[in-house]
Amino acid sequence: MITAEQLKDIKERTEALYRYLGIEQKRVEVEEEELRTQAPDFWEDAKAAEAQMKKVKDIRKWLDGYDEVKTACDELELAFDYFKEELVTEEEVDQDYAQALSLIETLELKNMLREEADGMDAVLKINSGAGGTESQDWASMLMRMYQRWAEAHKYKVTISNYQDGDEAGIKTVTMEIEGDQAYGFLKGESGVHRLVRVSPYNAQGKRMTSFASVFVTPLVDDSIDVVIDKSKISWDLFRSGGAGGQNVNKVETGVRLRYQYVDPDTGEEEEILIENTETRKQLENRQNALRLLRSQLYDRALKKKMAEQEKVEAGKKKIEWGSQIRSYVFDDRRVKDHRTNYQTSDVSGVMDGKIDDFIKAYLMEFSSKAE
């Protein structure tokens, strides 16, 4: 049975969310924005109309989220009083408390995602490290982990590039993950992920260590202004194939985009390489590759703006000892994040996509440093 102090905490956090989220102001704002959608000529400019509808929807999400929290808080307070009159059981009060606490923590977490890119969709790329089949198998396990996480959150996953491993697993995969604040939640996954297990690919049954890198960037749309110098682009065409499941096509129209990027501050040159095998049409694959290029260029500009915060450019880290952000030790039943020290013994749950506690721990740490 919860205590009066626990009930007080729920009420105070609900009131704090009302202030932090500016609920009163948002209610006025959404009425004003909805009025604009009622103009007779509203749909004459379809693109502008869609942007306006998205704006209304985004405000509504915050209001609906808060209203859900407030209702749960009120129901908990009522149940707490009813228990004194023996109208409800301890179990019912505890269930109401768990529900209210879960809703509050979810909304508090979303409130941490205040950066410009946090509300965007995400591009998540996984590369296997040195170590051949074992590392390639590990990369495929991470791919499944993120797919299951996205599925649990009802996010859409599209595989835009996939390369099979030599014997098993994958060498690399690029996934576009579309959903509410996908980049905000996944941005802390960038870095090197280390696996320790008894390898099924080792005849002696030895314990082996493998690495794979994860690189997450925001997926930008046409509303974001990103300058691309077309003169620095070159294209290669190639036949692509391999497995990849039902979300990837075996096509013969793969494109490889090479972009000669010049750092505007240092003048340092670097080639950005993007491959796309998403569709059976070369033109569409070119357009998709350009969109991914825009995402990478936007991400680089974003990270310059956030230079005082933790830099997570995983693509520049070596995939080896000393640079890992998280270790997955199967034999010891332990998964530990080295940045936050959060760990769990539920290895199978983590590999089945249950990584929200790691994400929350990272955002709590990230948010406190950013303030």
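Estimated at 0.36 nm per residue, the fully extended path between Ala49 and Thr158 surpasses their Cα-Cα distance by 36.6 nm.
Given R₀ = 41 Å, FRET efficiency for Tyr201-Ala98 by Cβ-Cβ distance, to 0.05? Walk me through the numbers on the way to the answer.
Details: r = 43 Å, r/R0 = 1.05.
Here the calculated transfer efficiency is 0.45.
In this simple spin-label model, placing a label point 7 Å from the Cα along the Cα-to-Cβ direction at both Ser234 and Gln343 gives a separation of 4.8 nm. For the stretch 69-115, taking the reciprocal of the average inverse distance between every pair of different Cα atoms yields a Kirkwood hydrodynamic radius of 11.4 Å.
Go through the stretch 99-184 and name the GluC sites (Glu not before Pro) that are in a DSSP coil and have 11 or fewer other Cβ atoms within 10 Å of their Cβ. Intermediate results must be reported in sequence, preceding the final value.
Numbers: sites: Glu105, Glu108, Glu115, Glu116, Glu134, Glu151, Glu167, Glu176, Glu178; in loops: Glu115, Glu116, Glu167.
Answer in residue order: Glu167.
Normalised Debye scattering of the stretch 1-141 at q = 0.11 Å⁻¹ gives log10 I(q)/I(0) of -0.66, counting only Cα atoms as equal scatterers and leaving out solvent. Spin-label model, Lys61/Glu90: points 7 Å from Cα along the beta carbon direction are separated by 4.0 nm.
Counting only DSSP H runs of at least 4 residues, each contributing -39500 (n - 2.57), and dividing by the residue count of the chain, the helix-based mean residue ellipticity at 222 nm comes to -15000 deg cm²/dmol.
Each principal axis of the Cα cloud of the chain was taken in turn, and the coordinate range along them, longest first, works out to 72, 66, 41 Å.
The Cα-based radius of gyration of the stretch 108-207, divided by its Kirkwood radius, gives an Rg/Rh of 1.05. In order along the stretch 206-216, the phi-based Karplus estimate (6.51 cos²θ - 1.76 cosθ + 1.60, θ = phi - 60°) of 3J(HN,Hα) comes to 7, 6, 10, 10, 10, 10, 8, 9, 10, 10, 10 Hz; Gly and Pro are listed as x. Would you work out which of Gly131, Phe42, Gln25 lies farthest towards the positive end of the dipole of the chain, given +1 charges on the beta-carbon of Lys and Arg and -1 on that of Asp and Glu, about the Cα centre? So the residue we want is Gly131.
All of the numbers you see were taken from the coordinates with simple rules; none came from a lab. These numbers were taken from a predicted model, which means no experiment stands behind them. Cβ atoms come from the backbone with ideal geometry, glycine included; neighbour counts cover every protein chain shown.
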